[in-house]
1. Name the residues whose placed amide hydrogens come within less than 5 Å of the amide hydrogen of residue 39, ignoring near sequence neighbours (fewer than 5 apart) on the same chain.
2. Calculate the radius of gyration of the Cα atoms of segment 167-278 to one decimal place, then report Dmax, the largest Cα-Cα distance, as a whole number, both in Å.
3. How much accessible area per residue does segment 49-199 have, in Å², with a 1.4 Å probe?
4. Would you mind working out the magnitude of the charge dipole of segment 122-268 relative to its Cα centre, with +1 at each Lys and Arg C-beta and -1 at each Asp and Glu C-beta, to the nearest 20 Debye?
5. Given contacts defined as C-alpha pairs under 8 Å and at least six residues apart, what's the relative contact order of the chain, whole-number percent?
6. Return the percentage of antiparallel bridges among DSSP beta bridges fully within the chain, rounded to the nearest 5 %.
7. For segment 15-136, with only Lys/Arg (+1) and Asp/Glu (-1) charged at the beta-carbon, what is the dipole magnitude about the Cα centre, in debye rounded to 20?
8. Report, to the nearest whole %, how much of the accessible area of the chain belongs to carbon and sulfur atoms, 1.4 Å probe, protein only.
Amino acid sequence: MRPPLVISIQSQVVMGHVGNSAAVFPMQAAGLEVAQVPTVVFSNTPDYPTLRGRAMPADFFADLLQGVWERGLPARASHIVTGYIGSVEVARQVAGFVQRAKQENPDLIYFCDPVMGDDAPGLYVPETIATILRDELLPLADIASPNPFEIAYLTGQPITALADLPRAAAALGMAPGAHLIATGCHLTETAGGMLESVILGPSGISRHPVPRLPVAMAGTGDLFAGLIIAALACGRALTDAVEFAQVQTSRALARAAALGAQEVVLSDPDFRAALLTL
């Protein structure tokens, strides 16, 4: 039998690990087949003094999606994941693609990582893209993984306490059976020195704390999403997948900090070994 196939639609960089350049390796190392569709191609993340490359031209991106259809990938895929989108035209195409793919393959699981901002930089995509994420992509999602800033921006409801999350989740307009993973939460109820992911779904709420590392690196959320999908596609339950992703993301961040890197690195031996156990 062929391994599970994931269609991964997000950014790509020449140097470093963000977007597809962070998420694809753990999925492949776990034994999955991954079809990579770039929304932007940059030389590096914007954290450096120079940035080369650009968002994919709309006609070129449409051509890539047509190739995905011609190869029959949506019918074979178990998951689609979307991350950073760099232009309004591409965002609209992504929404149309996901909608059609889910119609043609009802078993397809769509994981939406609405990459649009964070507390320190604020919103870093055009407001129109944020609107498309809210109105077109999140309603299609089976699983979504926004951070507290993104939840607050999309719903107009600040996230400071655990009680804020169910109200905000309802305001996101996701499907009744969908799961929301609120990532990187530091709530009033969160223990000192910890961050937590909070999963909200039809069966209720579960909280998943992890030690808070004194680092903030590009690519963390992209890697986290890729690890969750790797675990899910290998048969793990969502709660187990989130906890697996937390441990492995922490390993990658600790390794990057030890090396003095500006973004996550994927070379830690324990990190790589864990992926082979899925």
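The values are calculated or read from the model by the stated rules, or taken from the named source; none is laboratory data. If you're wondering where the values come from, they're calculated on a predicted model, not measured in any experiment. FYI the Cβ positions are ideal-geometry reconstructions off the backbone, even for glycines, and counts take in every protein chain you see. Side chains are part of the model used for accessible areas, which takes the heavy atoms of the whole protein and leaves out ligands, DNA and RNA. Shrake-Rupley method; radii C 1.70, N 1.55, O 1.52, S 1.80 Å.
1. The answer is 10, 11, 12.
2. Rg then Dmax for segment 167-278, in Å: 14.6, 44.
3. On a per-residue basis, 44 Å².
4. In debye, rounded to 20, segment 122-268 gives about 280.
5. 18
6. So the antiparallel bridges amount to about 45 percent of the total.
7. Value, rounded to 20: 220 debye.
8. So the carbon and sulfur contribution to the accessible surface is 54 percent.
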